[in-house]
Amino acid sequence: MSHNSFGHLFRVTTWGESHGPAIGCVIDGCPPRLALTEADIQPYLDKRRPGQSKFTTQRQEADRVRILSGVFEGRTTGTPISLLIENTDQRSKDYAAIASAYRPGHADYTYDMKYGIRDYRGGGRSSARETAMRVAAGAIARLVLGRSVSIRAALVQLGALAIDRARFDWAQVDQNPFFCPDAAAVPVWDAHLSEIRKQGSSLGAVVEVVAEGVPPGLGAPIYAKLDADLAGALMGINAVKGVEIGAGFAAASLRGEENADRMRMENGKTVFLSNQAGGILGGIATGQPVVARIAIKPTSSILTPVETIDAAGHDVSLSTRGRHDPCVGIRAVPVAEAMMACVLADHLLRHRAQLGSAPEY
């Protein structure tokens with residue numbers, strides 16, 4: 001299977017399956033002499049780790065990361081960094097029923113059509129288990145970006161229930177199991193998703209990710225646009241069906257003067273009066289916060305029986321057993337942060353390679 005890598009100068013390759021002995025990744029292009037230990041990576045993995053609330057899969061994985069190469073005496077060497085996480089709580093027997101039947105909405109059918117073979121245990125390579133390694137890579141990408149760049153994400157919509165933007169508070173995100181920035185929405189979401197979970201169904205979600213402190217100039221016109229690479233990276237997250245930058249689809253209903261991010265000079269610096277562009281114009285960062293949102297479909301593995309077919313071409317009805325997230329969008333929050341970090345780190349290194357230094361304000 002090809003196409004397991006992304007990025008140009010900061011390049012990430014992941015490997016492993018949901019129910020294999022381990023998952024891992026190789027990060028090539030990380031600059032040397034950056035301070036790095038497992039402790040720099042683990043907090044982000046803990047944020048994504050399963051089994052932390054009733055609203056995520058109850059699979060119990062410690063997700064303890066090990067650095068196998070690319071670090072000497074606590075600093076990166078400039079050589080490939082190899083990371084490994086062991087799988088310890090697989091229950092492959094839960095997937096016996098789908099060994100020959102395809103879960104609607106899942107990648108079972110397409111994998112079989114493409115390769116003629118598929119690992120049905122937890123979805124194999126198509127499982128969101130793989131995203132743990134993207135989160136690990138994102139932790140290293142943050143070190144490349146430096147402390148001046150802050151990347152945060154939040155769940156801003158659960159099913160049809162959106163937050164109240166007037167109550168948006170980043171301080172609330174780590175205070176509830178939804179990564180929700182609206183404290184008043186949490187009990188409403190709790191009751192709603194609890195009911196959906198009892199019914200054996202699932203919900204979709206919208207995640208917003210914001211990068212602040214991004215220097216102007218990152219990105220390049222035409223075929224290396226920052227927003228194009230970011231959209232591709234975010235679209236590559238499991239279950240994502242839509243990506244928007246800045247105002248996104250809402251920009252289509254704005255007038256020109258409403259959509260234009262007007263500019264003024266204050267104390268010798270450029271100041272934007274709005275951010276409809278999401279911090280990117282012409283594929284190049286403006287210096288404003290880079291803002292993106294991803295739409296995530298409902299989890300495909302559900303207890304509610306649904307019509308499907310099996311590998312022999314028979315019409316069957318399938319109810320998926322096992323341990324699954326009633327809303328996979330919840331654990332996509334740290335994954336979105338990681339993909340933003342990896343894309344920005346890649347573009348920072350590409351900018352330096354072309355222009356000799358990082359852009360400055």
Query raised in the report: On the given criteria, is I309 outside any loop (DSSP other than H, G, I, E, B) and either without any contact (Cβ under 8 Å) to a residue 24 or more places away in the chain or open to solvent by 40 Å² or more (accessible area, probe 1.4 Å) (or both)?
Result: yes
Requested in this report: State the number of residues belonging to region 60-75 that are out of contact with any Gly (no Cβ under 6 Å at 6 or more places or on another chain) and either within 24 Å of R331 (Cβ to Cβ) or surrounded by 15 or more Cβ atoms within 10 Å (Cβ to Cβ) (or both).
Outcome: 9
Query raised in the report: Filtering region 36-48 down to residues that are in contact (Cβ under 8 Å) with a residue 40 or more places away in the chain and either aliphatic (A, V, I, L, M) or more than 16 Å from I67 (Cβ to Cβ) (or both), which residue is most open to solvent (accessible area, probe 1.4 Å)?
Result: K47
Requested in this report: State the number of residues belonging to region 269-290 that are closer than 13 Å to P215 by Cα, touching a Pro at 6+ places or on another chain (Cβ under 8 Å) and not in a strand (DSSP E or B).
Outcome: 3
Requested in this report: Test V207 against the criterion of being farther than 30 Å from L318 by Cβ, among the β-branched types (V, I, T) and in a strand (DSSP E or B), and give yes or no.
Outcome: no
**Report entry** Candidate set from region 1-35 (those that are part of a loop (DSSP other than H, G, I, E, B) and in contact with a Cys (Cβ under 8 Å, 6 or more places away or on another chain)); member that is most open to solvent (accessible area, probe 1.4 Å)
**Finding:** G7
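Going through region 238-265 one residue at a time, which ones are charged (D, E, K, R) and either open to solvent by less than 30 Å² (accessible area, probe 1.4 Å) or part of a loop (DSSP other than H, G, I, E, B) (or both)? Explain how you work it out, then say what you get.
Here is the first cut: in region 238-265, the ones charged (D, E, K, R) are 241, 244, 255, 257-258, 261-262, 264.
Result: R255, D261, R262.
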Query raised in the report: When G268 is evaluated against the numbered criteria (1) more than 23 Å from E244 (Cβ to Cβ); (2) surrounded by 17 or more Cβ atoms within 10 Å (Cβ to Cβ); (3) more than 20 Å from the chain's Cα centre (by Cα), which criterion, by number, is the only one it fails?
Result: (2)
Report task. Under 6 Å between Cβ atoms, at least 6 apart or on separate chains: pull out the pairs that start in region 213-237 with a residue that is at positive phi and surrounded by fewer than 17 Cβ atoms within 10 Å (Cβ to Cβ) and end on any residue that is in a loop (DSSP other than H, G, I, E, B) and hydroxyl-bearing (S, T, Y). Result -> G213/S148
Requested in this report: Hey, can you tell me all the residues within region 102-124 that are open to solvent by 40 Å² or more (accessible area, probe 1.4 Å) and either part of a helix (DSSP H, G or I) or in contact (Cβ under 8 Å) with a residue 12 or more places away in the chain (or both)?
Outcome: P104, G105, H106, Y109, T110, Y111, M113, K114, Y115, D119, Y120, R121
Query raised in the report: Given (1) part of a helix (DSSP H, G or I); (2) surrounded by 20 or more Cβ atoms within 10 Å (Cβ to Cβ), where does H192 come up short, assuming only one miss?
Result: (2)
Report summary line: Of the residues in region 210-226, those that are of a type in the set (A, V, I, L, M) and farther than 30 Å from F179 by Cβ come to A220, I222, A224
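The values are calculated or read from the model by the stated rules, or taken from the named source; none is laboratory data. For clarity, every value in this text was computed on a predicted model and none was experimentally measured. Glycine gets a Cβ as well: all are built from the backbone with ideal geometry, and neighbour counts include every protein chain shown. Side chains included, ligands, DNA and RNA excluded: accessible areas come from the protein's heavy atoms. Shrake-Rupley method; radii C 1.70, N 1.55, O 1.52, S 1.80 Å.
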